[in-house]
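Quick notes on the structure that follows.
The values are calculated or read from the model by the stated rules, or taken from the named source; none is laboratory data. Because the structure is a prediction, the values reported are computed rather than measured. Heads up, the Cβs are rebuilt from the backbone with ideal geometry, glycines too, and the neighbour counts pull from every protein chain shown.
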Amino acid sequence: MTAQDTTPGHGVSLAQIYRARRRIEGQVCRTPLIRSQVLSERFDADIHLKLETLQPTGAFKLRGATNMIAALIEQRGQQALAAGVTTASTGNHGRAVAYAASRLGVPAVICVSRLVPDNKVAAIEALGATVKRVGVSQDEAFEEAARLVNEEGMTLIPPFDDALIAAGQGTIGIELLEDQPELDRVFIGLSGGGLLGGVGAALKSIRPQLQVTGVSLSAGAAMFESLEAGKPVAVDEVESLGDSLGGGIGLDNHCTFALVREVMDDHYQVSEKAIAEAMVNMLQHEKILVEGAAVVGLAAITEHAIDIRGQRIALVISGNGVALETFDRARQLATDL
Ligand SMILES: *Cc1c(COP(=O)(O)O)cnc(C)c1O
């Protein structure tokens, strides 16, 4: 899985990531990288947190969605997007598409299943999108989005598997090295691989010796299992505190599988308990509320006793989409041993 001697950026070049950065400027927050005193002392390292929790939608996915919609407007003209954009997601990606489209003056329809609770639907509508409720599963919601593309001329904004999406997420990598040019290692949550692929491509292009570490859930780690198998494979979805890291990578994956294979140096999986402890830790010591997916880097360092002594580290704190009940569950899990 090492990519030391290849040119990074399979389908995503540093130039594309710089173009993404220019497009999203002013639409998306350039988030701060803060040093954690507590974690630095605890692990005898220099540990920095990239706070994507400060994005207006609470997660980094706004970068990719904004870049893709802005690029399509640039390439085809605003009029070509008059029918609107669509996706099927109730989480961070759905919110990102709703917000980005609204900012860029493009209509958006977010397809969700009828089982999605009203408060989640209201949250997406509040960002300026139309929510379409169909069927009783995520698959049926996705079929509806596909139908809107085929029959109503809408444009699909995928959650990760697209060079424009990955390039948008990759802007995090540029910012990381602007703020800390001598980073040794970056820990990044891994699901579909838009985040790790894009950020990794930027980091490896600018600073090839930097180590890119991916972290996934202990069960349903689709990208990791696909890399092991040498091709995209399907996995069962399991309920997790890190639910933003669930889901497959698509059996017809055409971008992020190859990209992650190229830019990721090593990989860990983390238990629910380690995620729970990391979530509580972030609130208690850093006063930052995070979802489980955002702290898998910290969970990995703790659970696998990864030796980072003396290193300059960044953890991508990817989002804060967590319900209070879920946080309560994390707190319970973290306290009962
Ligand atoms: C989507 C998401 C991830 C994983 O990103 P991928 O591009 O799917 O690998 C990590 N953390 C949060 C908070 C997310 O919303």
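Scanning region 238-253 for residues that are of a type outside the set (V, I, T) and touching an Asp or Glu at 6+ places or on another chain (Cβ under 9 Å) yields S240, L241, G242, D243, S244, G246, G247, G248, G250, D252, N253. Being among the basic types (K, R), assigned by TED's automatic domain parsing to the domain that holds G321 and more than 19 Å from R207 (Cα to Cα) is the requirement here; does R21 meet it? In short, no. P117 fulfils the conditions (1) under 22 Å from E291 (Cα atoms); (2) modelled with pLDDT of 95 or more; (3) more than 22 Å from the chain's Cα centre (by Cα); (4) not polar (S, T, N, Q) except for a single criterion, (2). H254 falls short on exactly one of the conditions (1) within 13 Å of the ligand (Cβ to nearest atom); (2) touching a Gly at 6+ places or on another chain (Cβ under 9 Å); (3) touching a residue at least 60 places away in the same chain (Cβ under 8 Å), and that condition is (1). Looking across region 168-191, just one residue is more than 12 Å from the ligand (Cβ to nearest atom) and within 30 Å of A141 (Cα to Cα), and that is T171. Would you check if V322 is within 16 Å of the ligand (Cβ to nearest atom), assigned to a loop (DSSP other than H, G, I, E, B), assigned by TED's automatic domain parsing to the domain that holds P181 and hydrophobic (A, V, I, L, M, F, W, C)? Against the criterion (within 16 Å of the ligand (Cβ to nearest atom), assigned to a loop (DSSP other than H, G, I, E, B), assigned by TED's automatic domain parsing to the domain that holds P181 and hydrophobic (A, V, I, L, M, F, W, C)), V322 qualifies. Considering region 62-94, and only residues there that are crowded, with 24+ Cβ neighbours inside 10 Å and of a type in the set (S, T, Y), the residue that is farthest from V106 (Cα to Cα) turns out to be S89. Within region 171-226, count every residue that is over 21 Å from V295 (Cβ atoms) and in a helix (DSSP H, G or I). Matching residues across region 171-226 total 11. Given the conditions (1) within 30 Å of Q180 (Cα to Cα); (2) basic (K, R); (3) touching a residue at least 40 places away in the same chain (Cβ under 8 Å), report the number of the one that R35 does not fulfil. It is condition (3) that R35 fails.
Taken together, the residues in region 156-175 that are more than 30 Å from E144 (Cα to Cα) and surrounded by fewer than 24 Cβ atoms within 10 Å (Cβ to Cβ) amount to 2. Within region 126-140, none of the residues are away from the ligand (no atom under 16 Å from the Cβ), buried (at least 24 other Cβ atoms within 10 Å of the Cβ), farther than 30 Å from Q79 by Cβ and modelled with pLDDT of 95 or more. If you check L241, L210 for being within 13 Å of the ligand (Cβ to nearest atom) and at negative phi, only one passes: L241.
Among the residues making up region 90-114, those that are of a type in the set (S, T, Y) and within 16 Å of the ligand (Cβ to nearest atom) are T90, Y99.
When A330, A323 are checked against the criterion of being over 23 Å from I34 (Cβ atoms) and hydrophobic (A, V, I, L, M, F, W, C), A323 stands alone in meeting it. Is there a residue in region 232-249 that is more than 30 Å from A163 (Cα to Cα), over 18 Å from the mean Cα position of the chain (by Cα) and surrounded by 15 or more Cβ atoms within 10 Å (Cβ to Cβ)? No, region 232-249 has no match at all.
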